[in-house]
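Student: Quick one: the structure is below, questions incoming.
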Amino acid sequence: MDRKWYEKPLRIAALQCNYEEGRTLDVVDKWADAGFNAEQLFHPMAESYTAVYKADAHRGLLVKYLAKARRRGLRVILYLNAHIIEPSNAGRREAWAQRDARGEYYRLYETYDACCVNSAWRDHVFEAIDRIGDLDVDGLFLDGPVVCGRGCFCPACRALFQKEFGEALSEESARLAEFSAGSVDRFMREAHRRFKARKPDGVFYMNFPLLHESCFSMPEALDYNDILGTEGGFMFYGPAQGAYLWKPSVNAKISEAAARGRPRVIFMAADQKPWSWYVHTPVETQLCIASSVANASSIWYGLHGSTALLDTPGGRAAAELMRQLARHEAIYEATQPASSVAVMHSFDTSRHYHSSRLASDFYGGIRQEHGAPGNYLDSLFGFCDALARSSIPFDAVTDLDASAAVLGRYDCIILPTCACLRDSAVEALRDYVRNGGNLIASLDTSLLAGSGQPRADFGLADVFGVSFEGRVTEYKDFNYFSACAASPLFEGIGIERIPAQHAGMDVRALEGAEVLARFHVPQAGRYTDPTPLDKPAAVLNRFGAGAALYLAGAFGEMLRRHALPEHRRMLVNAVRMLSGQVVTLEGALGNVEVVVRSQPGRLLVHLVNYAGVPPRPFEAVAPQAELRLALSPAIQCRGAKAVFSDVALTLFVEGGRTIVELPRLDLYEVIVLELPSGPGA
């Protein structure tokens, strides 16, 4: 079956303003010369940092621009702002803008009013979409829409809410989130319908806030998104030293899991946020691009200043890598995930579980002043951080697509504080383990229904081999847990007392389950006598043909906040206990992200070297030498090549495994492993 043009690797350029001083058409050449094959077109319609197509003002220039882009081989996706009111219409804020419950206007970027999808503003946008149908464009991108704060309380929203639900709109309205999501869905469905009516083969998508509690419905939003695009490469918005190292790759993995086969794109700001005219260092630029494309996303590279920024060190580094990606485009086409481990992203937990919410809303046993015991995103990022730092390849799955077909591809699934799991996901996970799969789960996973309502016990209690006793114990940063049984889980850990996580679920091990570690009774202070072992901290349970390792503490949160080597070693040991590794990277200093993808007859192993020299932002990475890949005994490899180094690699057999000797790893490399049915080296 022929693939659509936007299902192939895209290198999308964007100029999010227009400071080209009358040389707008020259921008086409800059993009083409830098290796891009598409543009998300903004700047010919720019009003400062927003753009909405107005036929009378923009059509003439756009026709010329589109014709030149065609000649240079650039696909063009027209940009349309759908979250702020452009300056020329600022006077319409009373009729168009979002308001909070007090009637105050929401301001975005400290500058612009946020537009409301239920107001007359929607007609303004729909008129623009209708007129776009006359242009020779390949697609339409909507930047937004968003619902700000706790929701919009403008007159249009108040009237529509009253009509739909028969009650007045307030911050306490039980259906406020449903209303916000429904408002965005209705707007997007109509925008999609209008565009596709004129451009049935065009691509249509929005700016998708994938990892935030959001005002759209999943998976229904996929009905009006031909591409899943998210700002996984907008960094750092704060001090770079504290920024999450793996933001682009984790966003790319979860995008693939959520997209149900649709193509994905990571939006990368060329500039180091929040400075629009300050470009990322060359190293940070190339790491973001490399980790995005390694994880099978296309890349969008956006300038928030003039194209003169392409001639900065960071801009030149972006163009250098884009041209390399263009030369080797074939290795990025139609690849499939090939890891044996996956981390679950729970949309239900992301939406309904909040550490800031009073704990009494969740568990009667926690004192009211405490928050929910875990932090879902910290836990997700913590587990992913430990895996990536340890060079363990992993993919992502979601609770919305938990099925035998999806879960069954993996030896082991990790559930990071997935507190809210709907019944269908619980049953799918139970069947997965019963049929030979393995789980690693932490804290209050499955203790709440998908709606956020508490269950009497873990939905997966029989799988975990534990029962919740109704209480959560708070552990200070001077408390501990220790192994209480011999197990490979503690291999390489040479200490007895391991720092405890800040919270632990009080659980009772069920018959047949093996308690591997216990928390110590909380000490009164850091300089007090050691205390005896107490409640279970780690429990291994055989269930059917599979097994589950349940970690009672906020394990992922601790990994994220403290990154203690013993905790990371425990996770690595657990993964190796419960899964077989497709490939194992040996000899690395650490912080080499390993991504394994497949094409017919070959495996593709991406190596992204995040061993940057601190502080961040990185200006250099430490080159890593004497590396080798050890392949699973099940893999029969007949040849290997390092793509970017353009060298054939040496293979030999050691201990029943094929070993591939690697060249020095600087920042990014792709190793192609040819399998017996492959097309040839």
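The values are calculated or read from the model by the stated rules, or taken from the named source; none is laboratory data. Computed from a predicted model, the values in this text were never measured in an experiment. Positions of Cβ are generated from backbone atoms using ideal geometry, with glycine treated the same way; all protein chains shown enter the neighbour counts. Surface accessibility is based on the protein's heavy atoms, side chains included, excluding ligands, DNA and RNA. Shrake-Rupley method; radii C 1.70, N 1.55, O 1.52, S 1.80 Å.
Student: Quick check: is even one residue across region 204-216 acidic (Asp, Glu), in contact (Cβ under 8 Å) with a residue 12 or more places away in the chain and assigned to a loop (DSSP other than H, G, I, E, B)?
Tutor: yes
Student: Going through region 29-56 one residue at a time, which ones are among the basic types (Lys, Arg) and touching a Ser or Thr at 6+ places or on another chain (Cβ under 6 Å)?
Tutor: Result: Lys30, single match.
Student: Any residue at all in region 597-615 that is among the basic types (Lys, Arg) and in contact with a Gly (Cβ under 7 Å, 6 or more places away or on another chain)?
Tutor: Yes.
Student: Specify which of the listed residues (Leu400, Leu460, Leu447, Leu421) is out of contact with any strand residue (DSSP E or B) (no Cβ under 8 Å at 6 or more places or on another chain) and aliphatic (A, V, I, L, M).
Tutor: Only one candidate passes the filter, namely Leu400.
Student: I would also like to ask the following. In region 2-54, which residue that is open to solvent by 60 Å² or more (accessible area, probe 1.4 Å) and within 18 Å of Asp138 (Cβ to Cβ) is farthest from the chain's Cα centre (by Cα)?
Tutor: Taking the candidates together, the pick is Asp2.
Student: Can you spot a residue in region 141-150 that is of a type in the set (Val, Ile, Thr), at pLDDT below 95 and touching a Ser or Thr at 6+ places or on another chain (Cβ under 6 Å)?
Tutor: Yes, region 141-150 contains at least one residue that is of a type in the set (Val, Ile, Thr), at pLDDT below 95 and touching a Ser or Thr at 6+ places or on another chain (Cβ under 6 Å).
Student: Here's another thing I want to ask about it. Do you know which residues across region 368-394 are more than 26 Å from Asn573 (Cβ to Cβ) and surrounded by 23 or more Cβ atoms within 10 Å (Cβ to Cβ)? Spell out how you get there, then give the answer.
Tutor: Within region 368-394, the first condition is being more than 26 Å from Asn573 (Cβ to Cβ), and the residues that meet it are 368-372.
The answer is Ala372, and nothing else.
Student: Among the residues of region 602-614, is any within 23 Å of the chain's Cα centre (by Cα) and either among the polar types (S, T, N, Q) or open to solvent by 50 Å² or more (accessible area, probe 1.4 Å) (or both)?
Tutor: Checked against the condition, which is being within 23 Å of the chain's Cα centre (by Cα) and either among the polar types (S, T, N, Q) or open to solvent by 50 Å² or more (accessible area, probe 1.4 Å) (or both), region 602-614 yields at least one hit.
Student: Something else about it: Only one of these is within 21 Å of the chain's Cα centre (by Cα) and either within 16 Å of Ala537 (Cα to Cα) or open to solvent by less than 40 Å² (accessible area, probe 1.4 Å) (or both): Ala461, Ala428, Ala449, Ala419. Name it.
Tutor: Answer to the check: Ala419.
Student: Can you name the residue in region 329-339 that is out of contact with any Asp or Glu (no Cβ under 7 Å at 6 or more places or on another chain), of a type outside the set (Ser, Thr, Tyr) and touching a residue at least 12 places away in the same chain (Cβ under 8 Å) and is also most open to solvent (accessible area, probe 1.4 Å) among such residues?
Tutor: Among those residues, the one meeting the criterion is Gln336.
Student: Check Val397 against each of (1) surrounded by fewer than 24 Cβ atoms within 10 Å (Cβ to Cβ); (2) assigned to a strand (DSSP E or B) and name the one condition it does not meet.
Tutor: All conditions pass for Val397, except number (1).
Residue by residue, here is whether (1) open to solvent by 10 Å² or more (accessible area, probe 1.4 Å); (2) closer than 27 Å to Ile227 by Cβ; (3) touching a Gly at 6+ places or on another chain (Cβ under 6 Å) holds:
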position: His124; (1), (2), (3): yes, yes, no
position: Asp130; (1), (2), (3): yes, yes, no
position: Gly133; (1), (2), (3): yes, yes, no
position: Pro145; (1), (2), (3): no, yes, no
position: Cys157; (1), (2), (3): no, no, no
position: Leu160; (1), (2), (3): yes, no, no
position: Glu164; (1), (2), (3): yes, no, no
position: Arg175; (1), (2), (3): yes, no, no
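Student: Under 8 Å between Cβ atoms, which residue pairs at least 6 apart in sequence (or on different chains) link something in region 480-495 that is more than 21 Å from Pro530 (Cβ to Cβ) with a partner that is open to solvent by 70 Å² or more (accessible area, probe 1.4 Å) and of a type in the set (Val, Ile, Thr)?
Tutor: Matching pairs, first to second residue: none at all.
Student: Next question. Take Arg568 and tell me if it is in contact with a helix residue (DSSP H, G or I) (Cβ under 7 Å, 6 or more places away or on another chain), open to solvent by 10 Å² or more (accessible area, probe 1.4 Å) and closer than 17 Å to Ile392 by Cβ. Spell out the reasoning first.
Tutor: Working: in contact with a helix residue (DSSP H, G or I) (Cβ under 7 Å, 6 or more places away or on another chain): yes; open to solvent by 10 Å² or more (accessible area, probe 1.4 Å): yes; closer than 17 Å to Ile392 by Cβ: yes.
It is true that Arg568 is in contact with a helix residue (DSSP H, G or I) (Cβ under 7 Å, 6 or more places away or on another chain), open to solvent by 10 Å² or more (accessible area, probe 1.4 Å) and closer than 17 Å to Ile392 by Cβ.
Student: For region 217-256, give me each residue that is closer than 22 Å to Arg351 by Cα, open to solvent by 20 Å² or more (accessible area, probe 1.4 Å) and not in a loop (DSSP other than H, G, I, E, B).
Tutor: Hits for region 217-256 are Glu220, Asp223, Glu231, Lys247, Glu256.
Student: Further question: Only one of Arg102, Arg131 is over 32 Å from the mean Cα position of the chain (by Cα) and either within 20 Å of Phe208 (Cβ to Cβ) or part of a loop (DSSP other than H, G, I, E, B) (or both); which? First the steps, then the outcome.
Tutor: Working: Arg131 fails: either within 20 Å of Phe208 (Cβ to Cβ) or part of a loop (DSSP other than H, G, I, E, B) (or both).
The conditions single out Arg102.
Student: Please go through region 615-634 and pick out each residue that is open to solvent by less than 40 Å² (accessible area, probe 1.4 Å) and among the small types (Gly, Ala, Ser).
Tutor: First pass over region 615-634, keeping only residues open to solvent by less than 40 Å² (accessible area, probe 1.4 Å): 616-618, 621-622, 624, 627, 629-632.
Hits for region 615-634 are Ala622, Ala630, Ser632.
Student: Within region 204-216, which residues are surrounded by fewer than 20 Cβ atoms within 10 Å (Cβ to Cβ) and closer than 27 Å to Asp130 by Cα?
Tutor: Asn207, Pro209
Student: Sort through Asp378, Asp385, Asp431 and tell me the only one that's in a helix (DSSP H, G or I), closer than 22 Å to Val608 by Cβ and modelled with pLDDT of 95 or more.
Tutor: Being in a helix (DSSP H, G or I), closer than 22 Å to Val608 by Cβ and modelled with pLDDT of 95 or more holds for just one of Asp378, Asp385, Asp431, which is Asp385.
Student: How many residues are touching a Lys or Arg at 6+ places or on another chain (Cβ under 9 Å) and assigned to a loop (DSSP other than H, G, I, E, B) if we restrict to region 444-464?
Tutor: 8
Student: Right, here's the next one. Go through region 635-652 and give me each residue that's open to solvent by less than 40 Å² (accessible area, probe 1.4 Å) and hydroxyl-bearing (Ser, Thr, Tyr).
Tutor: Residues satisfying the conditions do not exist here.
Student: Next question, about the same structure. Restricting to region 308-328, count the residues that are of a type outside the set (Gly, Ala, Ser), assigned to a helix (DSSP H, G or I) and open to solvent by less than 50 Å² (accessible area, probe 1.4 Å). If you could, list the steps in order and put the result at the bottom.
Tutor: Of region 308-328, the ones of a type outside the set (Gly, Ala, Ser) are 309-313, 316, 320-325, 327-328.
Narrowing further to those that are assigned to a helix (DSSP H, G or I): 309-311, 313, 316, 320-325, 327.
Now restrict to residues that are open to solvent by less than 50 Å² (accessible area, probe 1.4 Å): 309-310, 321-322, 324-325.
Here the count works out to 6.
Student: Collect the residues in region 194-203 that are open to solvent by less than 10 Å² (accessible area, probe 1.4 Å), more than 25 Å from His345 (Cβ to Cβ) and not in a loop (DSSP other than H, G, I, E, B), keeping them in residue-number order.
Tutor: Phe195, the sole residue that qualifies.
Student: Which one of these is more than 18 Å from Ala120 (Cα to Cα), outside any loop (DSSP other than H, G, I, E, B), of a type in the set (Gly, Ala, Ser) and touching a residue at least 60 places away in the same chain (Cβ under 8 Å): Ala177, Ala191?
Tutor: Answer to the selection: Ala177.
Student: Mind checking which pairs have a first residue in region 590-613 that is more than 17 Å from Asp395 (Cβ to Cβ) and a second that is of a type in the set (Phe, Trp, Tyr) and buried (at least 19 other Cβ atoms within 10 Å of the Cβ), Cβ under 8 Å, 6 or more apart or different chains?
Tutor: What qualifies is Asn591/Tyr610; Val592/Tyr610; Asn609/Tyr668; Tyr610/Trp246; Gly612/Phe618.
Student: Ok, one more. Taking the conditions exactly as written (under 20 Å from Leu160 (Cα atoms) and of a type in the set (Ser, Thr, Tyr)), does Tyr49 satisfy them or not?
Tutor: Judged against the criteria, Tyr49 is not a match.
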